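The values are calculated or read from the model by the stated rules, or taken from the named source; none is laboratory data. Keep in mind the model is a prediction, meaning the values are calculated, not measured. We place every Cβ from the backbone using ideal geometry, glycine too, and count neighbours over all the protein chains shown.
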Amino acid sequence: AMLYRVDRWGAPYFAVNASGNISVRPYGDDTKPHQEIDLLKVVKKASSPKSSGGLGLQLPLVVRFPDVLKHRLEALQSAFDFAVESQGYEAHYQGVYPVKCNQDKFVVEDIVKFASGFRFGLEAGSKPELLLAMSCLCNGSPEALLVCNGFKDIEYISLALVARKLQLNAVIVLEQEEELDIVIQASRKLGVRPIIGLRAKLRTKHSGHFGSTSGEKGKFGLTTAQILRVLKKLEQLEMLDCLQLLHFHIGSQIPSTGLLADGVGEAAQIYCELVRHGACMKVIDIGGGLGIDYDGSKSQDSDISIGYTLQDYASSVVGAIKLVCDGKGVKHPVICSESGRAIVSHHSILVFEAVSSTSYHDSQQVSPAELGYLVERLNDDARAVYRSLSAAAMCNEYESCMLYAEQLKRRCVEQFKEGCLEMEHLAAVDGLCELVDKAIGIGISDPVLTYHVNLSVFTSIPDFWGIGQLFPIIPIHRLDERPAMRGFLSDLTCDSDGKIDKFIGGESSLPLHQVEGKGGGGYYLGMFLGGAYEEALGGIHNLFGGPSVIRVTQSDGGQSFAVKSAVPGPSCGDVLRAVQHEPEVMFERLRQRVEELVGGGGCAAVVDGLACSFNNMPYLGNGKCSDQSYGAV
Ligand code: PLP
């Protein structure tokens, strides 16, 4: 546990139990004794066949803990409630969840349900996101906000106005100046008075990886001149009362409260200016940016850590707005935030299996006969190198040995390319070089193995591939056993980028246990803190689709768990359909060909096998047909 620093990045939700397994504490430290769920038991339940009481799901598997979501939401709300109360702030906090962080139906519905008691709403950035937000908020608090961000056309804006007609508090946030004309046009046509927000481009700049959207040259928002023009136009149309919200976004994963307070303070000044110009301002929406400490280092100087707590964050925001508004004699606005990462990151764990491990040093031991056979075939040049190598070895001149071995290998490869050596010769020279390495003691004392994992990095950890973001990845069991190996992870895709060779702490390999048994399996790893963005961004590179998903809650006062829903990941048929193939037609075509070409009794078995291939997930399976009934066309 110490080795993997679970106590640092995992607290208060993840710990190691007496059996050496990861335990999940859905209520953090709030229950004493801790209520906890053994993650390995959950995985075993999900992946065991139905015949033995399991759910028959294939891995990889996302395990969701709705109780963790609930705890995160409550923690965020309490932090702001405390800051509001203790600083005598004269308005409340009501957040929205940006659905882009994880659009899963259960995640969004759970958030709306858990947070309806404190007016929590949703943020959308595209038309389908707006549709799902509208539908989910029908069950939300009547006061919840529906913040409409992103690039907008007439269709998007009309939809947001329809939401107004449905008595949802949809705020159309102007990200581009041109959007105002569309809002005016569409609201006249639909006969709806819009609630307008505007996104300001702040001068404050977040210098970390996620800060490229901030600052004067940032991608989004209105400049000072544009804001002034919007105000003028609204005034001319007697619509200044429609402008009620100021939005800004400093960037995700804000590293320090210093930067936060700086940005929020600047925005609060803009807010006061909008009030001075006669807008009917009510809400300051501080965007996202509340960060996660992925490596548990509590550092302000890293993209994957943060130097503040939830309470520090809330207190800084409230303090910065209060200071400015009090100075200007402006009524305190309602504070809204669009935290995504901080709400959903912890609630899900991606579990996958290491199926085998291989060493770079896999050559056969080279026998004297094989060596003789090789030397015989070497050309004069290479033979001279070989002699020098032997001489250096006699005198224990290690450095020369290494140089000669490398030289010999190079010469042999050249000879192989010319067609003068056979594969057996090449294997012999590899074996010889390995022998030299071993004798000198390099590479062998600390071998780094390649662990092959039943996963696609592109589908499930896209930010590692795309932006090099690190997540805690550790075994979820055997944590009471010292790992004897080190390894990096190599995925199933036919792509050299499909590997994980950087881990929190900056290491290029991870301490890992030996994969037991031939055929591997049974060694489970978890990727933690990936509940935000990773599922939403993943593509289907190599046609590996998403993982299976289960939702798990506690039962019996914490000693056991209940699986509330279980959804198998997309089958091969499903991913084929996603790229416009027609699996039903494909299956039929192949079935007919089987009937024509495979005679007799074998025919049915081959057709069954085909059906299974369409039915099963694209990941490594166990050779059994999954329970999905897809193939029965
Ligand atoms: N709001 C806006 C406008 C964003 O661009 C983002 C993400 O970049 C968010 C909210 C969510 O940010 P975070 O995940 O840092 O909370």
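Numbers at a glance
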item: When residues of the range 366-403 are limited to those that are outside any helix (DSSP H, G or I) and polar (S, T, N, Q), the one modelled with the highest pLDDT; result: N379
item: Residues of the range 309-324 satisfying the condition of being within 14 Å of the ligand (Cβ to nearest atom) and either under 22 Å from the mean Cα position of the chain (by Cα) or not small (G, A, S) (or both); result: L310, Y313, V317
item: Tally, over the range 264-285, of residues that are touching a Cys at 6+ places or on another chain (Cβ under 7 Å) and either in a loop (DSSP other than H, G, I, E, B) or within 13 Å of the ligand (Cβ to nearest atom) (or both); result: 1
item: Qualifying residue in the range 325-348 (condition: away from the ligand (no atom under 13 Å from the Cβ), within 18 Å of L69 (Cα to Cα) and part of a strand (DSSP E or B)); result: yes
item: Matching residues, the range 108-135, being among the hydrophobic types (A, V, I, L, M, F, W, C), under 25 Å from the mean Cα position of the chain (by Cα) and under 15 Å from G95 (Cβ atoms); result: V108, I111, V112, F114, A115, F120, L122, A124, A133
item: Breaking point among (1) farther than 30 Å from A566 by Cβ; (2) modelled with pLDDT of 95 or more, for F151; result: (2)
item: Single match in V183, V171, V147 (criterion: touching a strand residue (DSSP E or B) at 6+ places or on another chain (Cβ under 7 Å), more than 16 Å from the ligand (Cβ to nearest atom) and more than 22 Å from F65 (Cα to Cα)); result: V183
item: Wholly within the range 404-475, helices (runs of 4 or more DSSP H) carrying at least 3 residues that are more than 34 Å from the chain's Cα centre (by Cα) and surrounded by fewer than 16 Cβ atoms within 10 Å (Cβ to Cβ); result: 423-440
item: Every residue from the range 220-263 that is more than 14 Å from the ligand (Cβ to nearest atom), more than 19 Å from I195 (Cβ to Cβ) and either within 36 Å of the chain's Cα centre (by Cα) or aromatic (F, W, Y) (or both); result: T223, T224, Q226, S256, T257, G258, A261, D262
item: Any chance L161 is under 30 Å from K232 (Cα atoms) and not hydroxyl-bearing (S, T, Y); result: yes
item: Criterion: among the β-branched types (V, I, T) and exposed (fewer than 15 other Cβ atoms within 10 Å of the Cβ) - qualifying residue of V585, V552; result: V585
item: Set Y373, Y398: member being surrounded by fewer than 23 Cβ atoms within 10 Å (Cβ to Cβ), in contact with a helix residue (DSSP H, G or I) (Cβ under 6 Å, 6 or more places away or on another chain), on the phi < 0 side of the Ramachandran plot and not charged (D, E, K, R); result: Y398
item: The range 18-32: number of residues that are in contact with a helix residue (DSSP H, G or I) (Cβ under 9 Å, 6 or more places away or on another chain), in a loop (DSSP other than H, G, I, E, B) and free of Cβ contacts under 8 Å to residues at least 40 places away in the same chain; result: 1
item: Filter pass, S315 being of a type outside the set (V, I, T), buried (at least 20 other Cβ atoms within 10 Å of the Cβ) and in contact with a Gly (Cβ under 8 Å, 6 or more places away or on another chain); result: no
item: A133 being within 16 Å of the ligand (Cβ to nearest atom), over 19 Å from G340 (Cα atoms) and buried (at least 24 other Cβ atoms within 10 Å of the Cβ); result: no
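Yes/no per residue for (1) within 28 Å of L146 (Cα to Cα); (2) modelled with pLDDT of 95 or more:
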| site | (1), (2) |
| --- | --- |
| D285 | yes, yes |
| I292 | yes, yes |
| D301 | no, no |
| K328 | no, yes |
| S345 | yes, yes |
